[in-house]
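A.B. asks: Starting off with a structure, shown below.
No value in this document is a laboratory result; all are computed from the given coordinates. Everything numeric here is computed off the predicted structure, so don't read it as measured data. FYI the Cβ positions are ideal-geometry reconstructions off the backbone, even for glycines, and counts take in every protein chain you see.
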Amino acid sequence: MIQKLIVLGFLKKDSASGYDIKKSIDKELGLFSEIENRSIYYPLKKMEKEGLIRKKELKIKGHLKKYIYSITPQGEKEFFKLFRQSLLSQKRPFIESDIALYFISFLRGEDILPLLRLRLRFLENVKKWLFNKEKELKSAPKNLDLLLKHHLKLAAAEKDFIGEMIDIVKSSFHKNRG
């Protein structure tokens with residue numbers, strides 16, 4: 001669903017070749033997610049069969065061919081449907097470190113604290129990187145600014161939580177030693 005939404009969204013913005021779509025996804029959305037974007041051509045072919053996009057062949061010097069894809073009216077409807085589903089999704093956010101937290105009681109405090117401090121340092125670097133990106137993309141479209149702000153808030157919230165975790169582990173570690 002997400003890949004289809006992304007491809008249709010980029011084609012809603014402008015017609016493009018498969019290569020250009022892949023490049024745009026990597027450049028613009030790669031900053032904000034871990035989207036698997038290995039092959040764009042299989043999904044394009046599938047969406048073309050579904051009538052969501054159309055392909056136009058351009059001949060380039062010599063024997064080279066280039067295909068330009070554009071969204072169809074049916075694709076526009078599908079884009080809005082997928083956009084709506086994504087925005088109103090009731091799936092809870094999943095953070096991989098939550099799985100480690102589930103098993104935290106199996107480790108000793110002195111083993112956990114250095115890892116939590118490393119996580120805290122990583123999150124601080126993420127926040128710095130996002131602040132720099134925000135400055136770098138000052139004239140970027142509003143949608144990228146919103147994504148940056150969202151990720152900054154997520155990183156700040158996780159950083160605060162990890163700080164609390166460190167305090168909890170320290171206090172329980174000291175109780176167990178005493």
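A.B. asks: Residues that are of a type in the set (Phe, Trp, Tyr), over 23 Å from the mean Cα position of the chain (by Cα) and under 30 Å from Asp167 (Cβ atoms): which helices (runs of 4 or more DSSP H) entirely in the stretch 1-113 hold 2 or more of them?
C.D. replies: none
A.B. asks: Do the conditions hold for Phe10, that is, is it surrounded by 13 or more Cβ atoms within 10 Å (Cβ to Cβ) and hydrophobic (A, V, I, L, M, F, W, C)? Walk me through it before giving the result.
C.D. replies: Details: surrounded by 13 or more Cβ atoms within 10 Å (Cβ to Cβ): yes; hydrophobic (A, V, I, L, M, F, W, C): yes.
So Phe10 passes the test.
A.B. asks: Here's another thing I want to ask about it. Tell me the residue from Lys12, Lys22, Lys4 that is within 24 Å of Leu137 (Cα to Cα) and in contact (Cβ under 8 Å) with a residue 24 or more places away in the chain, please.
C.D. replies: Unique residue meeting the criteria: Lys12.
A.B. asks: Going by what's in this entry, would Tyr19 be described as aromatic (Phe, Trp, Tyr) and over 30 Å from Ser172 (Cβ atoms)?
C.D. replies: yes
A.B. asks: Is it true that some residue in the stretch 155-177 is under 18 Å from the mean Cα position of the chain (by Cα) and in contact (Cβ under 8 Å) with a residue 40 or more places away in the chain?
C.D. replies: Yes - at least one qualifying residue is present in the stretch 155-177.
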